[in-house]
1. For the stretch 78-86, check the following and say yes or no: at least one residue is more than 21 Å from Glu38 (Cβ to Cβ), aliphatic (A, V, I, L, M) and under 18 Å from the mean Cα position of the chain (by Cα).
2. Tell me, which residue of the stretch 87-108 that is surrounded by 10 or more Cβ atoms within 10 Å (Cβ to Cβ) and either of a type in the set (Asp, Glu) or more than 23 Å from the chain's Cα centre (by Cα) (or both) is modelled with the highest pLDDT?
3. Going residue by residue through the stretch 88-98, is there one that turns out to be in contact with a Gly (Cβ under 7 Å, 6 or more places away or on another chain), under 14 Å from Val37 (Cα atoms) and of a type outside the set (Gly, Ala, Ser)?
4. Tell me which residues, restricted to the stretch 51-71, are free of Cβ contacts under 8 Å to residues at least 40 places away in the same chain and surrounded by 16 or more Cβ atoms within 10 Å (Cβ to Cβ).
5. Go through the stretch 89-108 and report how many residues are in a loop (DSSP other than H, G, I, E, B) and within 23 Å of Ser41 (Cβ to Cβ).
6. Looking at Glu74, is it under 18 Å from the mean Cα position of the chain (by Cα), of a type in the set (D, E, K, R) and either crowded, with 18+ Cβ neighbours inside 10 Å or part of a helix (DSSP H, G or I) (or both)?
Amino acid sequence: MFGRKKTESNENKKVFVDLNDHSAPAYAQSDAGIKVVETTSYRDLKALTDMAYRGNILVLDFSRFTEGDAVKREMAKRLLEVARDISGAFTEVSDRLMILSPSGLNIDKCRITYKEK
């Protein structure tokens, strides 16, 4: 018991790996991107929600929207629900431009003013 020396088994030996020989991608590939969409009717809502659930940033142009303002408000309401569902953000920039972003990307509306000297 006191005079014996333990020998290390193969299980207890540590193996070191040189990480310089391995390369890792600098970024993960994703199909998500910024989509600028010209919206013309309420029927576009399904395609827009699909794009939002894939993680895209949507810039929605309503300048050629053929249906009335009530339908546009209903569509904006549905898009706001999608934004809440994906923990994203939704904002109306103007009466013709809206933005929906995925989780982790906030939308900050700000005004740049110049002071004359």
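The values are calculated or read from the model by the stated rules, or taken from the named source; none is laboratory data. Predicted, not measured: the structure shown is a model, and the values here were computed from it. Ideal geometry is used to build each Cβ from the backbone, glycine not excepted, and the neighbour counts take in all protein chains shown.
1. Keep residues of the stretch 78-86 that are more than 21 Å from Glu38 (Cβ to Cβ), which gives 81, 84-86.
Those left that are additionally aliphatic (A, V, I, L, M): 86.
Now restrict to residues that are under 18 Å from the mean Cα position of the chain (by Cα): 86.
Scanning the stretch 78-86, I find at least one residue that is more than 21 Å from Glu38 (Cβ to Cβ), aliphatic (A, V, I, L, M) and under 18 Å from the mean Cα position of the chain (by Cα), so the answer is yes.
2. Glu92
3. Narrowing the stretch 88-98 to residues in contact with a Gly (Cβ under 7 Å, 6 or more places away or on another chain): none.
Checked the stretch 88-98: no residue is in contact with a Gly (Cβ under 7 Å, 6 or more places away or on another chain), under 14 Å from Val37 (Cα atoms) and of a type outside the set (Gly, Ala, Ser).
4. Quick first cut of the stretch 51-71, residues free of Cβ contacts under 8 Å to residues at least 40 places away in the same chain only: 51, 53-54, 61-71.
Listed by number, the residues that qualify are Met51, Phe62, Phe65.
5. Narrowing the stretch 89-108 to residues in a loop (DSSP other than H, G, I, E, B): 93-96, 102-108.
Going one step further and asking which of them are within 23 Å of Ser41 (Cβ to Cβ), we end up with 93-96.
Residues meeting the conditions: 4.
6. Working: under 18 Å from the mean Cα position of the chain (by Cα): no; of a type in the set (D, E, K, R): yes; either crowded, with 18+ Cβ neighbours inside 10 Å or part of a helix (DSSP H, G or I) (or both): yes.
No: the conditions fail for Glu74.
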